[in-house]
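The values are calculated or read from the model by the stated rules, or taken from the named source; none is laboratory data. From a predicted model like this one, the values you see are computed outputs, not experimental measurements. Positions of Cβ are generated from backbone atoms using ideal geometry, with glycine treated the same way; all protein chains shown enter the neighbour counts.
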Amino acid sequence: MGTAREVEVVWDELIDAFLNEDVQIIYFLDRATGEVFFVPDDYEDEAFWQQINANADQFLQIPGFNYEEERVFLHEFIKGLSDITLKSLLGKTFAGKNSFGKVEEILSFYPDELETYYAFKDEMLNTKIRSWLEEHDIYSPASLF
């Protein structure tokens, strides 16, 4: 582990980076400034890539969206449901046995569970981001997250 650093990071920008599904876009966090920025993976500015590589401790590549983690999250959410009918329906959808639509579409008929789903999803993402920041010894001077 390195030296702990206090830096202000724009939380919404970190969320966008962690939710990035485009494998052709690479997000970075500048540990010195807290800036989140992105470049295409085929960016042809050699000086830029040399600076990134030479300062790997300063410029951290932010992991993008992970489908496997999303499936684990969804599985945990379904396991926690108390409505047996909804639990069965979402379980079959999760396993690919039904064509009733996406999870959010199904949950749109269950507004309380949809709200719980979004809250659960937000908390899982926030926990993942906080853990990633802590792994890299980055702490916010204010409790932004």
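Each residue in segment 69-110 was checked for being closer than 23 Å to residue 122 by Cα, aromatic (Phe, Trp, Tyr) and more than 23 Å from the chain's Cα centre (by Cα), and 2 of them qualify. Out of 88, 131, 108, one residue alone is of a type in the set (Gly, Ala, Ser), in contact with a helix residue (DSSP H, G or I) (Cβ under 7 Å, 6 or more places away or on another chain) and modelled with pLDDT of 90 or more. It is 108.
Has segment 58-68 got at least one residue that is farther than 22 Å from residue 20 by Cβ and within 19 Å of the chain's Cα centre (by Cα)? No; the residues of segment 58-68 include none that is farther than 22 Å from residue 20 by Cβ and within 19 Å of the chain's Cα centre (by Cα). Listed here are the helices (runs of 4 or more DSSP H) enclosed by segment 13-120 that have at least 1 residues being surrounded by fewer than 17 Cβ atoms within 10 Å (Cβ to Cβ) and among the hydrophobic types (A, V, I, L, M, F, W, C): 46-54, 67-79, 84-94. For segment 121-136, a tally of residues being touching a Gly at 6+ places or on another chain (Cβ under 8 Å) and either free of Cβ contacts under 8 Å to residues at least 60 places away in the same chain or hydroxyl-bearing (Ser, Thr, Tyr) (or both) returns 0.
From 74, 19, which residue is touching a residue at least 24 places away in the same chain (Cβ under 8 Å) and in the same structural domain as residue 115 (by TED's automatic domain parsing)? Every option except 74 fails the conditions.
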